[in-house]
Amino acid sequence: MVRGKGWMALALCGVLSLTAIGCRDRNDTVVEAPPAADEQPVVSDPTEPTPETPPTPTPAPANPPEPGVGGTGEAVNPPQAAQLIAAQPEAQINLRSQPTTSSSARGYGLVGDPVELMRSADRSDGTWYFVKFEESGAEGWIRGDFINTEGRATPLSQRADTSSTCEGLMDGMTVTAFYDANGFHLVRFVNMETKNTFDATLSRQGSSNQGQPLYQGSTSPPTSDRSYPVSLTDLSGGTPRSGSRVNMSYAGIEGSATCE
């Protein structure tokens, strides 16, 4: 009986497998029916076009703005160092919002103030400059006859910064002579009224008639297109020190200075 029941069970399982119904054998292993037609994987048609992602536009680089109000006039490139000047040493020079005397004043500068020339504009009353003040950073327009575009001395060299000095006066100018272990090498002139500043580089040129070390050079002041001779005589005999003196000559003007 037991053997006959096992044969009947096997026959029944075979019939059920024909109808895609899963059954279990003696080891309890699941037998799965094949997938239906509508369960087959979908294969895309390679001939169909693939939608493209539009490229991300690259923003154009922004150009740096030119200095000056609204780009008026022409840029001074690179900016040029200058100083304010006037016939009266205590004059207040208006800083204008536009290159015209009828425009509003943003403030004023004083004779000798250092500025940078950023732009220039030619008008019927002359050339105007858009300037930036070094100390305050204020900006605006000033007419060219109140600006010394050439009189601003270049920054002192490292040699001059570490040198000793002799100070004196010459016909409305202060003079400073710079010296180190190798002797005198520079004289700086500053006009006491206009604050125009200009330098003369010196080199040793033998000795004076009295046997004192002689140094010579030349300089061109900002109000002239000529170059004038400069000479310095070291009255210390070649060993300048605190309290010793020098004689100087510039464009025929004589003067002296005392060493610090």
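The values are calculated or read from the model by the stated rules, or taken from the named source; none is laboratory data. Every value quoted in this text rests on a predicted model; they were computed, and no experiment measured them. Reconstructed Cβ throughout: ideal geometry from the backbone, glycine too, with neighbour counts over all protein chains shown.
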For the subset of the range 121-150 comprising residues that are within 16 Å of Ala82 (Cβ to Cβ), of a type in the set (S, T, N, Q) and surrounded by fewer than 21 Cβ atoms within 10 Å (Cβ to Cβ), which member is modelled with the highest pLDDT?
-> Thr127
Look through Thr197, Thr223, Thr239 and report the one residue that is within 19 Å of Thr165 (Cβ to Cβ) and at pLDDT below 95.
-> Thr197
Among (1) modelled with pLDDT under 90; (2) among the hydrophobic types (A, V, I, L, M, F, W, C); (3) over 26 Å from Ala82 (Cβ atoms), where does Leu232 come up short?
-> (1)
Please verify whether the range 175-194 includes one or more residues that are of a type in the set (Asp, Glu) and either modelled with pLDDT of 95 or more or assigned by TED's automatic domain parsing to the domain that holds Pro114 (or both).
-> yes
What is the one condition in (1) among the polar types (S, T, N, Q); (2) modelled with pLDDT of 90 or more; (3) under 30 Å from Met173 (Cα atoms) that Ser103 does not satisfy?
-> (3)
Check whether at least one residue in the range 124-139 is in a strand (DSSP E or B), closer than 23 Å to Val190 by Cα and either hydroxyl-bearing (Ser, Thr, Tyr) or in the same structural domain as Phe189 (by TED's automatic domain parsing) (or both), and report yes or no.
-> no
Just wondering, is there one or more residues in the range 177-189 that are without any contact (Cβ under 8 Å) to a residue 12 or more places away in the chain and either within 29 Å of Tyr129 (Cβ to Cβ) or crowded, with 17+ Cβ neighbours inside 10 Å (or both)?
-> no
Scanning the range 119-148 for residues that are under 19 Å from Gly71 (Cβ atoms) and among the basic types (Lys, Arg), the one nearest to the chain's Cα centre (by Cα) turns out to be Lys132
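On the given criteria, is Glu116 under 17 Å from the mean Cα position of the chain (by Cα), among the acidic types (Asp, Glu) and either assigned to a loop (DSSP other than H, G, I, E, B) or surrounded by 14 or more Cβ atoms within 10 Å (Cβ to Cβ) (or both)? Can you show your working first?
Numbers: under 17 Å from the mean Cα position of the chain (by Cα): yes; among the acidic types (Asp, Glu): yes; either assigned to a loop (DSSP other than H, G, I, E, B) or surrounded by 14 or more Cβ atoms within 10 Å (Cβ to Cβ) (or both): yes.
For Glu116, the condition - under 17 Å from the mean Cα position of the chain (by Cα), among the acidic types (Asp, Glu) and either assigned to a loop (DSSP other than H, G, I, E, B) or surrounded by 14 or more Cβ atoms within 10 Å (Cβ to Cβ) (or both) - is met.
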Answer yes if at least one residue in the range 153-160 is part of a strand (DSSP E or B) and either among the polar types (S, T, N, Q) or within 30 Å of Asn94 (Cα to Cα) (or both), and no otherwise.
-> no
